[in-house]
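S.K.: What follows is a single structure, and I will ask about it in a moment.
Bear in mind these aren't lab numbers, they're just calculated from the coordinates by the rules spelled out. In this text, all values refer to a predicted model and were calculated from it rather than measured experimentally. With ideal geometry, Cβ positions are generated from the backbone for all residues, glycine too; neighbour counts draw on all protein chains shown.
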Amino acid sequence: MNEKIKILMLEDSPSDAKLIQRELKREKLDFIARVVDDKDIYIDALISFAPDIILCDHSLPGFNSMDALFESKRYAKDTPFILVTGSVSEEYAVLSLKAGAQDYILKTNLSRLPLAITTALRQKEAERRLRESEEQFQHTIDGMIDGVQIIGYDWRYLYVNDAVAKHAKFSKEELVGYTMMEKYPEIEGTKMFEALQRCMHERVFHEMENQFVYPDGSSTWFKLTIQPSPGGVLILSRDITDKKQAMRQLEEQNSELRKINSELDRFVYSASHELRAPLCTILGLNTLSRALKSEEQRLDLSEKIEACVGRLDNIIHEIVDFSRNSRVELKYEPIDFHLLFEEAKARYLQAENAGQIAIDLELRGKYPFYSDKERLKVIMNNILSNAVKYRNPGRKDPYVKVAVSLSPKKASLEISDNGPGIEAAYLDSIFKMFFRGTESSDGSGLGLYIVKEIIDKLQGTIRVESTVGQGSSFFLTIPNAQVSEPVSAVAV
Ligand code: ADP
């Protein structure tokens, strides 16, 4: 200890006080002493002098050492108190020690005093450090991210740290002393409770992940370590809700990836098969053309080859559409259905030699609509081209009607034709990869598959109703990527 030891001496004999100080100096104790002999001055010194140690004579006028000890516990709680007295009965000395005095020294044996003082001061210092370390420990446990709780054999919370109180959605005071069942009436019968019971009775360690459901229905995932403790069971808990969510996302992504992978396998297999068919035809036609003499026949073959190449080109375009849908990120922008329709119409009226087919658009609802334009083009083009392509040549008044209803949340599309219709047996298959429902199809069988893939990506829906000989209707819903207010109050 570097600073001087502050000694408060309660002594009414100045000669004894001197004697005691001489003894301490002899032992080279570095100290300053204040000597008092009156109760009030003593109490005042306890506060203002803040002694490191108190040396107290037994009997003082109107005041004895037991009173002095009592006052020291009141005003200087942790200051060691040594009884230094001429004579005292053994019973009284024991009583003083029991009441909290550190030691007692007889004035006839003052040589023991210096050591008694240093021992008492060391003990005080050790106790201070211990207290500090306990506070530190308490602080650390309280501040831990992990929950720490001790449950007694009677299922009462004996100890909970701050994290447990937070996890439990109760204050510490609302938990400690109460049973788990009082706080969570539904807890009995849960897996966690079973594990706690086993630990209570069989004294076995257990680790588990547990979804704790609160009385309000919300839930949190915890990793629990349950182990026997002297008072009952010790539970360490960690909130793993975020980790669990990340795991679930990862699993979902994983299964999505597996789906994509197996679809890709199927796709590559089927696509190579589909691409080879027109190639083989072209090769065959080419060989045939070498043997042909007439210019007219050669021209005919050349047209056939051209048609095959066109088909190949079509398949490749659709493969690109498919690939774009799987790889390219969604890009939302305002959609003008009118424009989208006019572009598709212009293309198919020409390309498919659509003749007199009437293609009309009816647009209802004036809401700004946001979606992925390129993907919507593919949808519109495919469904419209099918309606034109599979029109009934015998019909006098072939038509395709496109009705679009806009609402703040979605666009609902109905694309109907009065074509040949689709056989009921095929209705489930037309959205499958490379499925063609009719001999008259010279397409790849990919169009509606891609439409369905895009609709899934946009989180929309598609279904078809069709009656053979009467026509087909495709019903689509596409979510509005930006929920919006109407452009004008009245929907058109
Ligand atoms: P593709 O047109 O290349 O054969 P699709 O995937 O676009 O492939 O269509 C799958 C099948 O669905 C077509 O082969 C056809 O049998 C049937 N289909 C699609 N749209 C219509 C329609 N509007 N009318 C009649 N049949 C249709």
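S.K.: Using a Förster distance of 22 Å, how high is the FRET efficiency between Tyr426 and Asn314, based on the Cβ-Cβ distance and rounded to 0.05?
M.R.: 0.55
S.K.: Rounded to two decimal places and with Rh computed the Kirkwood way over Cα pairs, what is Rg over Rh for the range 218-290?
M.R.: Using only Cα positions, Rg/Rh for the range 218-290 is 1.62.
S.K.: Relative contact order, percent, of the range 112-270 when contacts are C-alpha pairs under 8 Å separated by at least 6 residues?
M.R.: On the way: 189 pairs, mean separation 28.3, N = 159.
Here the relative contact order equals 18 percent.
S.K.: How would you rank 197-209, 457-469, 400-412, highest first, on the average number of other Cβ atoms within 10 Å across their residues?
M.R.: Per-residue Cβ counts within 10 Å, averaged per peptide and sorted highest first, yield 400-412, 457-469, 197-209.
S.K.: Below 13 Å, Cα to Cα, which aspartates and glutamates can Lys409 reach? Residues fewer than 8 away in the same chain don't count.
M.R.: Glu485
S.K.: Related question: Working from Cα positions, state the angle (0 to 90°, nearest 10) between the long axis of helix 295-327 and the longest principal axis of the chain.
M.R.: Approximately 20 degrees, to the nearest ten.
S.K.: May I ask you to compute the full-extension gain from Ala246 to Leu299, defined as 0.36 nm times their residue separation minus their alpha-carbon distance, rounded to one decimal in nm?
M.R.: This chain segment gains 12.7 nm when fully extended.
S.K.: In which sequence would Leu340, Leu130 go, from the one with the fewest C-beta neighbours within 10 Å to the one with the most?
M.R.: Details: Leu340 20, Leu130 10.
Fewest-to-most ranking of Leu340, Leu130: Leu130, Leu340.
S.K.: Round to a whole angstrom and tell me the spacing of the C-alpha centers of the range 393-430 and the range 252-297.
M.R.: What the calculation gives is 29 Å, centre to centre.
S.K.: Quick one: compute the contact order of the chain, relative version, from alpha carbon pairs under 8 angstrom and 6+ residues apart, as a percent.
M.R.: 8 percent
S.K.: Can you give me the relative contact order of the range 49-124 as a percent, contacts being Cα pairs under 8 Å and 6 or more apart?
M.R.: Relative contact order here is 32 percent.
S.K.: Shifting gears a bit: Past the 26 Å Cα-Cα mark, which pairs from Lys293/Lys389; Lys77/Lys169; Lys4/Lys98; Lys377/Lys410? Before the final figure, lay out the partial values.
M.R.: On the way: Lys293/Lys389 35 Å; Lys77/Lys169 38 Å; Lys4/Lys98 29 Å; Lys377/Lys410 17 Å.
Among Lys293/Lys389; Lys77/Lys169; Lys4/Lys98; Lys377/Lys410, the Cα-Cα distance tops 26 Å for Lys293/Lys389; Lys77/Lys169; Lys4/Lys98.
S.K.: Also: List, in order, the whole-Hz ³J(HN,Hα) value for each residue of the range 106-112 obtained from phi through the Karplus relation with A = 6.51, B = -1.76, C = 1.60 and θ = phi - 60°; use x for Gly and Pro.
M.R.: So the J values, rounded to whole Hz, are 7, 4, 6, 10, 5, 4, 7.
S.K.: Apply the Karplus parameterisation 6.51 cos²θ - 1.76 cosθ + 1.60, with θ equal to phi minus 60°, to every residue of the range 376-388 and state each ³J(HN,Hα) to the nearest whole Hz, in sequence, with x for glycine and proline.
M.R.: My calculation for the range 376-388 gives 5, 4, 4, 4, 4, 4, 5, 5, 5, 5, 5, 4, 6 Hz in order.
S.K.: I want the antiparallel fraction of DSSP beta bridges within the chain, as a percent rounded to 5.
M.R.: The antiparallel proportion sits near 70 percent.
S.K.: Please give the FRET efficiency for Asp162 paired with Lys259, using the beta carbon to beta carbon distance and R0 = 35 Å, rounded to the nearest 0.05. Please list the in-between numbers first.
M.R.: Values: r = 45 Å, r/R0 = 1.28.
Approximately 0.20, to the nearest 0.05.
S.K.: Also, quick follow-up: With θ set to phi - 60° and the Karplus curve 6.51 cos²θ - 1.76 cosθ + 1.60, what are the ³J(HN,Hα) couplings of the range 169-186 in order, to the nearest whole Hz, using x for Gly and Pro?
M.R.: 6, 9, 7, 4, 5, 6, 9, 4, x, 9, 7, 4, 5, 5, 7, 10, x, 8
S.K.: For Leu279, Leu83, what ranking results if the residue with the fewest other Cβ atoms within 10 Å of its Cβ goes first?
M.R.: Leu279, Leu83
S.K.: Along its principal axes, what span do the Cα atoms of the chain show, with the longest given first and each in whole Å?
M.R.: So the extents along the principal axes, rounded to whole Å, are 148, 59, 46.
S.K.: What residues qualify as long-range amide H neighbours of Leu363, i.e. H under 5 Å apart, gap of 5 or more or another chain, H built at 1.01 Å from N?
M.R.: Here Val404 satisfy the definition.
S.K.: Consider just the alpha-carbon atoms of the range 58-205 and return their Rg together with their Dmax, both in angstrom.
M.R.: Over the range 58-205's Cα set, Rg and Dmax evaluate to 24.7, 73 Å.
S.K.: Let's test the formula: R0 of 25 Å, r as the Cβ-Cβ distance of Gln470 and Glu343. What FRET efficiency results, to the nearest 0.05? Numbers along the way, then the final one.
M.R.: On the way: r = 29 Å, r/R0 = 1.14.
Calculated value: 0.30.
S.K.: For the range 136-218, take N as its residue count and report Rg(C-alpha) divided by 2.2 N^0.38 Å.
M.R.: Details: Rg = 12.9 Å, N = 83, 2.2 N^0.38 = 11.8 Å.
For the range 136-218, the normalised Cα radius of gyration is 1.10.
S.K.: May I pose another question? What number does the range 343-434 give for Rg over Rh if you use C-alpha atoms and the Kirkwood radius?
M.R.: That ratio equals 0.99.
S.K.: A follow-up question, please. What list do you get for Lys223, Lys28 if you sort them by fewest beta carbons within 10 Å?
M.R.: The order, fewest Cβ neighbours first, is Lys28, Lys223.
S.K.: In degrees between 0 and 90, to the nearest 10, how far off the longest principal axis of the chain does helix 65-75 point, with axes built from Cα atoms?
M.R.: Its long axis makes an angle of about 30 degrees.
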